[in-house]
1. I'm trying to understand the selection: among the residues of region 258-281, which are part of a helix (DSSP H, G or I) and of a type in the set (D, E, K, R)?
2. For the subset of region 80-90 comprising residues that are surrounded by fewer than 21 Cβ atoms within 10 Å (Cβ to Cβ) and touching a residue at least 12 places away in the same chain (Cβ under 8 Å), which member is nearest to the ligand (Cβ to nearest atom)?
3. Can you confirm whether Ser55 is at negative phi, modelled with pLDDT of 95 or more and within 11 Å of the ligand (Cβ to nearest atom)?
4. In region 331-349, what residues are surrounded by fewer than 20 Cβ atoms within 10 Å (Cβ to Cβ) and either on the phi > 0 side of the Ramachandran plot or not in a helix (DSSP H, G or I) (or both)?
5. What are the residues in region 58-79 that are within 11 Å of the ligand (Cβ to nearest atom) and touching a residue at least 60 places away in the same chain (Cβ under 8 Å), if any?
6. For Tyr347, state whether it is closer than 23 Å to Glu299 by Cα and free of Cβ contacts under 8 Å to residues at least 40 places away in the same chain.
7. For region 144-176, give me each residue that is away from the ligand (no atom under 13 Å from the Cβ) and of a type in the set (Ser, Thr, Tyr).
8. In region 91-114, how many residues are more than 11 Å from the ligand (Cβ to nearest atom) and not in a helix (DSSP H, G or I)?
Amino acid sequence: MNITVIGAGYVGLVSGVCYAELGNQVICVDKDQAKLDILRNGAIPIYEPNLQELSLKNMAAGKLSYTSDLHRAVQLSDIVIIAVGTPSLANGEADLSYIDQAADEIAEAMNGYKIIAVKSTVPVGTNERVRDRIRRLTSERFDSISLPEFLREGSAVQDTLHPDRIVIGADSQSAADTMAKLHAPLTDQIVMTDIRSSEMLKYASNAFLATKISFINEIANICEKVGADVTQVAQGMGYDNRIGHSFLKAGIGYGGSCFPKDTRALIQIAGHVDYEFKLLRAVVEVNQDQRFKMIRKLETIFDGNLQGKTIAIWGLSFKPNTDDVRESPALEIVQHLVNSGAVVKVYDPIAIPNFRRMYGEDGVVWCEGALEAAADADALCLLTEWDEFIHVDLNQLQTVLRKPILIDGRNVFKEEDLAGTAFIYYSIGRPSLN
Ligand code: NAD
């Protein structure tokens, strides 16, 4: 099939590359010239395992190209997939301006029947909005499809090639069948819904996962007070098939470009129909509070005064194996420490350039290695569970720190890992060790 993907970001780029890998003819369109230059030179503008190899391979096979010429790309395609960003507006609603713009540009390029699919996460009713905008500008025939995306950054290629399910929201049987055929090589689990249900399904999925995280974080907070260990609690809970182990890891909360904005957007979607989504409001509030647990622990350790203390930060991305720092807990934690007068030494294997772009330079010491960041620090805070940190030599680590204080915001170390060391160890929802 001939496919155009509009928006070569974390979702559009991975999807485009994977559609080409399935044997389709794919054009990825983006407005960002710097991104396109990187892609055309055989590199990729984001960190995502296996993506570069597949991009190179499919470019070389003539199945994949990158362009800013949306008009020509749309004219050459039977299927147009919109994968532009839908960031939060100040009031929490999804900003649909990129979607609107893409819809108008598609309409102007229409030269015959096409399927127009929205892969971006969009509020209920947005596919109808896209359809109306396009209809106003063209008399060409087209069908609208809602095609929500469920990939996870850091394993996006794997998730796209082996999805748990593909959701297709449609009101045209023939367009739905075409989209099912496109995705058939990936999975047998193709869920057909109406368009509004498909749009809702995406938000409901993210909101549910966010709820699991905030739930276990609340249990962790209670565990700390009653002397229980949340890791053992979650482990035992997860064996129940009705609960499952995934998303039951206590820590400093979720971040990233999806859960924070999608939970806020769903609260707004509910609000527009006079429904107060009380549970989700609490999920967001718990998550916001959770990232400051680490700060509160530090303040307790240092009698409320962080002025002049050197604090090492390991991990800036919102999770490992990605360079994405959008709404990463690290942004607020680092800012808070700097404001408290601490000297903040930070290290992340991949995400420092993105963090610098988003955070700025304000009061931070950038380090090129984990031990360099830890050197002479009064305490070390682990914010992202990169493998490099999990496998650190703890004996060596304790020799470089000024004080062997370790605050593990992701519960990566076990009691036996720390046995025989002098670490004063704090984690989330587990007894402290010292
Ligand atoms: P992104 O910001 O990484 O990428 C969006 C891209 O679209 C940018 O490169 C931008 O330059 C481009 N763009 C915007 N308007 C354009 C236009 N008119 N023409 C051409 N290019 C245009 O965003 P993302 O993380 O890939 O997310 C895209 C959508 O997918 C969002 O709605 C998001 O909620 C959803 N989503 C994201 C993830 C994820 O893990 N990142 C997972 C599932 C769903």
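The values are calculated or read from the model by the stated rules, or taken from the named source; none is laboratory data. Remember, predicted model here, so these are calculated numbers, not experimental data. When we count neighbours, we look across all protein chains shown, and the Cβ atoms used for this are built from the backbone with ideal geometry, even at glycine.
1. Lys261, Asp262, Arg264, Lys278, Arg281
2. First, pick out the residues of region 80-90 that are surrounded by fewer than 21 Cβ atoms within 10 Å (Cβ to Cβ): 85, 87-90.
In the following step, the residues that additionally are touching a residue at least 12 places away in the same chain (Cβ under 8 Å) were identified as 85, 87-88.
On the way: Gly85: 4, Pro87: 8, Ser88: 10 Å.
This residue is Gly85.
3. Spelling it out, it is not the case that Ser55 is at negative phi, modelled with pLDDT of 95 or more and within 11 Å of the ligand (Cβ to nearest atom).
4. Hits for region 331-349 are Ser340, Gly341, Val343.
5. Scanning region 58-79 gives Leu70, Ala73, Val74.
6. yes
7. Ser144, Ser172, Ser174
8. 8
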